[in-house]
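Enquirer: What follows is a structure written as structure tokens; I'll ask about it next.
The values are calculated or read from the model by the stated rules, or taken from the named source; none is laboratory data. Just so it is clear, the structure is predicted and the values come from calculations on it, not from any experiment. All Cβ positions, even for glycine, are placed from backbone atoms using ideal geometry, and neighbour counts span all protein chains on display.
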Amino acid sequence: GNDGIYRPVFRIAFTDSKNFSEFDGKNWIQWGKENWVLQTEMTLYNQLGAQFQIEAGTQKYFLVPSRGQFDDGGRGDFAYTYLTKSKPEEGEQNLQTIGPCCNNDYRQGPERFIESPPEPIADGNFVVWYVPQLRNDNRKGKEYCWAESELVNGVYEAKTYPCFAGPLFVPAKS
């Protein structure tokens with residue numbers, strides 16, 4: 001149909017990851033254990049637009065989610081972000097499908113790697129899973145995340161309208 005949401009799953013692993021923090025409007029609050037959060041219209045960002053800060057090795061990075069500000073045609077991700085302890089069996093090799101296609105809540109696949117109870121991640125390698133929610137659009141002249149078939153010289157050809165998603169990583173000055 002023409003009222004769908006595409007939710008690709010990005011697995012982002014850092015070498016020697018140490019700390020993961022979320023901006024609360026004033027300070028960076030460290031996540032000490034596996035967790036997830038949904039980017040909403042109420043999400044707070046630092047002055048660079050970052051929602052998260054990641055320490056890996058001797059580097060710090062800001063994770064800036066898309067809100068449609070990158071001038072790439074994206075309309076904003078409204079992403080689920082999951083943080084899990086890094087384990088070889090959880091995505092270092094090719095994964096089978098990790099979740100159903102059509103859940104409208106936090107159950108997008110990576111939540112299955114958050115143990116019960118959630119494991120501590122401080123000073124240990126972790127994985128960031130980023131799952132944007134991209135609503136398709138078939139309105140003439142505004143097509144986005146959409147494909148249609150056109151009859152050209154008696155042959156149907158696919159015409160695609162891509163969607164743009166994903167965070168921007170900005171090196172942070174220590």
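Enquirer: Based on what the data block shows, is Lys18 over 18 Å from the mean Cα position of the chain (by Cα) and touching a residue at least 12 places away in the same chain (Cβ under 8 Å)?
Expert: Numbers: over 18 Å from the mean Cα position of the chain (by Cα): yes; touching a residue at least 12 places away in the same chain (Cβ under 8 Å): yes.
Yes: the conditions hold for Lys18.
Enquirer: Moving on to the next point. Name every residue in the stretch 49-79 that is touching a Phe, Trp or Tyr at 6+ places or on another chain (Cβ under 6 Å) and either hydroxyl-bearing (Ser, Thr, Tyr) or under 18 Å from Ile121 (Cβ atoms) (or both), in order of residue number.
Expert: Narrowing the stretch 49-79 to residues touching a Phe, Trp or Tyr at 6+ places or on another chain (Cβ under 6 Å): 50-51, 53-54, 56, 61, 63, 72-74, 79.
Gln51, Gln53, Ile54, Ala56, Tyr61, Leu63, listed by residue number.
Enquirer: I need a count of the residues in the stretch 46-77 that are within 26 Å of Tyr161 (Cβ to Cβ) and either surrounded by 21 or more Cβ atoms within 10 Å (Cβ to Cβ) or charged (D, E, K, R) (or both).
Expert: Number of matching residues: 7.
Enquirer: Follow-up question, since we're still on this one. For the stretch 22-44, what are the residues that are under 12 Å from Thr81 (Cα atoms) and assigned to a strand (DSSP E or B)?
Expert: Once the filter is applied, which keeps residues that are under 12 Å from Thr81 (Cα atoms) and assigned to a strand (DSSP E or B), the stretch 22-44 yields Glu22, Asn35, Trp36, Val37, Leu38.
Enquirer: Out of all the residues in the stretch 112-127, is one or more of a type in the set (Asp, Glu) and out of contact with any strand residue (DSSP E or B) (no Cβ under 7 Å at 6 or more places or on another chain)?
Expert: Filtering the stretch 112-127 for residues of a type in the set (Asp, Glu) gives 115, 119, 123.
Applying the additional criterion that residues be out of contact with any strand residue (DSSP E or B) (no Cβ under 7 Å at 6 or more places or on another chain) yields 115.
Among the residues of the stretch 112-127, at least one is of a type in the set (Asp, Glu) and out of contact with any strand residue (DSSP E or B) (no Cβ under 7 Å at 6 or more places or on another chain), which makes the answer yes.
Enquirer: Is it the case that some residue within the stretch 97-104 is in contact with a strand residue (DSSP E or B) (Cβ under 7 Å, 6 or more places away or on another chain) and either closer than 16 Å to Val9 by Cβ or at pLDDT 90 or above (or both)? Give the derivation first.
Expert: We begin by selecting, within the stretch 97-104, every residue in contact with a strand residue (DSSP E or B) (Cβ under 7 Å, 6 or more places away or on another chain); these are none.
The answer is no; no qualifying residue exists.
Enquirer: Now a separate question. So which of Ala165, Ala172, Ala122 is farther than 22 Å from Lys33 by Cα, surrounded by fewer than 17 Cβ atoms within 10 Å (Cβ to Cβ) and of a type in the set (A, V, I, L, M, F, W, C)? Explain how you work it out, then say what you get.
Expert: On the way: Ala165 fails: surrounded by fewer than 17 Cβ atoms within 10 Å (Cβ to Cβ); Ala122 fails: farther than 22 Å from Lys33 by Cα.
Matching residue, one of Ala165, Ala172, Ala122: Ala172.
Enquirer: Among the residues in the stretch 86-103, are any under 12 Å from the mean Cα position of the chain (by Cα) and touching a residue at least 24 places away in the same chain (Cβ under 8 Å)?
Expert: In the first step, residues of the stretch 86-103 are kept if they are under 12 Å from the mean Cα position of the chain (by Cα); the result is none.
No, that holds for no residue.
Enquirer: Name the one entry in Gly74, Gly68, Gly99, Gly91 that is under 21 Å from Phe23 (Cα atoms) and either part of a loop (DSSP other than H, G, I, E, B) or touching a His at 6+ places or on another chain (Cβ under 7 Å) (or both). Lay out the reasoning, then the answer.
Expert: Values: Gly74 fails: under 21 Å from Phe23 (Cα atoms); Gly99 fails: under 21 Å from Phe23 (Cα atoms); Gly91 fails: under 21 Å from Phe23 (Cα atoms).
Result: Gly68 is the single residue among Gly74, Gly68, Gly99, Gly91 that is under 21 Å from Phe23 (Cα atoms) and either part of a loop (DSSP other than H, G, I, E, B) or touching a His at 6+ places or on another chain (Cβ under 7 Å) (or both).
Enquirer: Another question, then. On the basis of being under 30 Å from Gly57 (Cβ atoms), assigned to a strand (DSSP E or B) and out of contact with any Cys (no Cβ under 7 Å at 6 or more places or on another chain), does Tyr156 make the cut? If you could, list the steps in order and put the result at the bottom.
Expert: Details: under 30 Å from Gly57 (Cβ atoms): no; assigned to a strand (DSSP E or B): yes; out of contact with any Cys (no Cβ under 7 Å at 6 or more places or on another chain): yes.
So Tyr156 does not fit the description; no.
Enquirer: Something else now. All but one of (1) modelled with pLDDT of 95 or more; (2) under 23 Å from Leu48 (Cα atoms) hold for Tyr156; which doesn't?
Expert: Against the list (1) modelled with pLDDT of 95 or more; (2) under 23 Å from Leu48 (Cα atoms), Tyr156 comes up short only on (2).
Enquirer: Suppose the filter is part of a strand (DSSP E or B) and of a type outside the set (Val, Ile, Thr); does Phe169 pass it?
Expert: yes
Enquirer: What pairs can you find where one residue is in the stretch 146-157 and within 30 Å of Arg7 (Cα to Cα), the other is of a type in the set (Phe, Trp, Tyr), and their Cβ atoms are less than 9 Å apart, with a gap of 6+ or different chains?
Expert: Trp146/Tyr161; Ala147/Tyr161; Glu148/Tyr161; Ser149/Tyr156; Glu150/Tyr156
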